[in-house]
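Reviewing the structure listed below.
The values are calculated or read from the model by the stated rules, or taken from the named source; none is laboratory data. Keep in mind that this is a model prediction, so the values were computed, not measured. Cβ placement follows ideal geometry from the backbone for every residue including glycine, while neighbour counts extend to all protein chains displayed. Just so you know, the surface numbers come from the protein's heavy atoms only, side chains and all, with ligands and any DNA or RNA stripped out. Shrake-Rupley method; radii C 1.70, N 1.55, O 1.52, S 1.80 Å.
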Amino acid sequence: MRGIQTTIRSLFAAGALAAGLSMAAPAMAQDDTIKVGILHSLSGTMAISETTLKDTMLFLIDEQNKKGGLLGKKLEAVVVDPASDWPLFAEKARELIEKDKVAAVFGCWTSVSRKSVLPVFEELNNLLFYPVQYEGEESQRNVFYTGAAPNQQAIPAVDYLMSEEGGSVKRWVLAGTDYVYPQTTNKILQAYLESKGVAKEDIMVNYTPFGHSDWQTIVTDIKNFGSAGKKTAVVSTVNGDANVPFYKELANQGIKAEDIPVVAFSVGEEELAGLDTAPLVGHLTAWNYFQSVDVPENEAFIAAWKEYTKNPKRVTNDPMEAHVIGFNMWVKAVEKAGTTDPDAVIDAIIGVSVPNLSGGYSTMMPNHHITKPVLIGEIQTDGQMETVWQTSGLVVGDEWSDYLPDSKDLISDWRAPMSCGNFNVATGKCGGKGVN
């Protein structure tokens, strides 16, 4: 453990060390930089979640430059705003790669934004580090998935709620925003619940558009569904600023956590910072990191983050940690390869392990997903989470679901000679691109 702490402290070292390096190292020409693309919405419905990820990347780049940069060059951030406009994500990605000549891109939040940029990264052979939980059913050569796959968030959350410890839930409301992540995740969850003996009539599914604000009827339906005499829970894949009126309406209608708990996959410390959390105490979130994780690695990161932002009230959250892991994996792979060339980095990054913020290490696997712990947190009055359950070890991200008939025989391995995103173990053949 001491070795891990030393690594983390050196990772976020500041001040004197950086000053010493700047004196000892030869001056770097301003144009002799490695450009890093930041592709996050700074306006529109997803800005509530994505703006802090832009700030996180600027912080990480600044920290790396304090340590001397990368391959003897400074890192230079190139920030664009795709404005929560999914086609614009593809345009901005192309601009970053073709015009700005970035070595890698860190960005996207929603799956529809990620899906829109996949063809661009494949065509132009660049790298995308994607930091948010998603629905799986994908493994693309040019993408590294540092957020959770369904088996690293959604399924463990349902398992917890089904357990005696989690309340022995029997009826399920799957409430999501109307796009690919909630739809596919709920498809997997429905199949999983039915495999556990849950009847179809005990599963209610509801979708709402991005930015949805009028929740009165839907919350009334949830309340009525939960009045059938069986313990009921809401599994929420509602994204973006629609969460604010959703939780307000839950409180307005007196839905308390002890009656119908809500477990959210897209609400973290950043979103809760803008809410009156008092009525939400006891509701749940499922992530792979919480700001409240009490280990020296996390304490050091939080202190460095607050110092960088000059704001003691700035919070940290799970997608931020995913960017920390992804960025440090990229740096380590570039150093290992001796170049930022995408093909060389793709080969070098598999097997790379870096410290996470929960006191352990995360490793990039051959399917371009990483190992992560899974935590269930209970919302507190201060907008933080108290961990009520966690996995005993790290969980490997599963790119293809075991519960969908078209996916259960598929695996991904981007190492030669397989180099395939959807290899069918039943037929012994690669289906081509690793995207459904």
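General observations
- Separation in nanometres of the label points that stand 7 Å from Cα toward Cβ, at Asp259 and Glu335: 5.5 nm
- What you get for the chain, charging only the Cβ of Lys and Arg (+1) and of Asp and Glu (-1), is a dipole of about 580 debye around the Cα centre.
- Based on Cα contacts under 8 Å between residues 6+ apart, the chain shows a relative contact order of 16 percent.
- Karplus-derived HN-Hα couplings along the stretch 51-62 (A = 6.51, B = -1.76, C = 1.60, θ = phi - 60°), whole Hz, x at Gly and Pro: 4, 5, 6, 4, 4, 4, 5, 4, 5, 5, 5, 4
- Think of the stretch 233-288 as a dipole: +1 on every Lys or Arg Cβ, -1 on every Asp or Glu Cβ, centred on the Cα centre; then among Ser236, Ile255, Phe265, Ile255 lies furthest on the positive end.
- For the stretch 67-145, the spread of Cα positions along each principal axis, largest first, Å: 38, 22, 21
- Theoretical FRET efficiency, 1/(1+(r/R0)^6), r = Cβ-Cβ of Glu165 and Ser43, R0 45 Å, to 0.05: 0.60
- Residue among Gly226, Gly72, Leu60 farthest towards the positive dipole end of the chain, charges placed on Cβ: Gly72
- Antiparallel content of DSSP bridges confined to the chain, in %, to 5: 40 percent
- Heavy-atom accessible surface of the stretch 69-128: percent carbon and sulfur, 1.4 Å: 50 percent
- Förster-model FRET efficiency, 25 Å R0, Val425 and Ala191, C-beta, rounded to 0.05: 0.85
- Pairwise Cα separations in the stretch 273-423 fall into 5 Å bins from 0 onward with the following percentages, short to long: 2, 9, 14, 17, 16, 15, 12, 8, 5, 2, 0.
- Principal axis dimensions, the stretch 247-328 - Cα atoms, whole angstrom, descending: 43, 24, 20
- Between helix 318-337 and the chain: long-axis angle, C-alpha atoms, 0 to 90°, nearest 10: 30 degrees
- Which listed pairs, of Lys73/Lys332; Lys67/Lys336; Lys67/Lys332; Lys67/Lys101, have C-alpha distances above 19 Å, in listed order: Lys67/Lys101
- Percent carbon-and-sulfur accessible area, the stretch 299-382, ignoring ligands, DNA and RNA, probe 1.4 Å: 50 percent
- Relative to the longest principal axis of the Cα atoms of the chain, helix 111-124 runs at roughly 30 degrees.
- For the stretch 160-176, 3J(HN,Hα) computed residue by residue from phi via the Karplus equation (6.51, -1.76, 1.60; θ = phi - 60°) reads 4, 5, 6, 6, 4, 4, x, x, 6, 5, 10, 10, 9, 9, 9, 10, x Hz, glycine and proline entered as x.
- The length gained by stretching the chain between Thr51 and Glu123 to full extension, at 0.36 nm per residue less their Cα-Cα distance, is 23.2 nm.
- D_trans [Stokes-Einstein, Kirkwood Rh over alpha-carbon pairs] for the chain, 4 °C, 1.567 mPa s, µm² s⁻¹: 58 µm²/s
- Taking amide hydrogens as placed 1.01 Å from N in the peptide plane, the amide H of Ser362 sits under 5 Å from those of Val354, Asn356, each at least 5 positions away in sequence or on another chain.
- Along its principal axes, the stretch 25-109 has C-alpha extents of 44, 25, 14 angstrom, given from the largest down.
- Bridgeable aspartates and glutamates around Lys223 (alpha carbons under 12 Å apart, same-chain partners fewer than 8 residues away excluded): Glu249, Asp259.
- Summarising the amide proton neighbourhood of Ala104: residues at separation of 5 or more, or on other chains, whose placed amide H is nearer than 5 Å comprise Gly37.
- Descending by average beta-carbon neighbour count within 10 Å, the peptides 203-216, 225-238, 97-110, 157-170 line up as 97-110, 225-238, 157-170, 203-216, the highest first.
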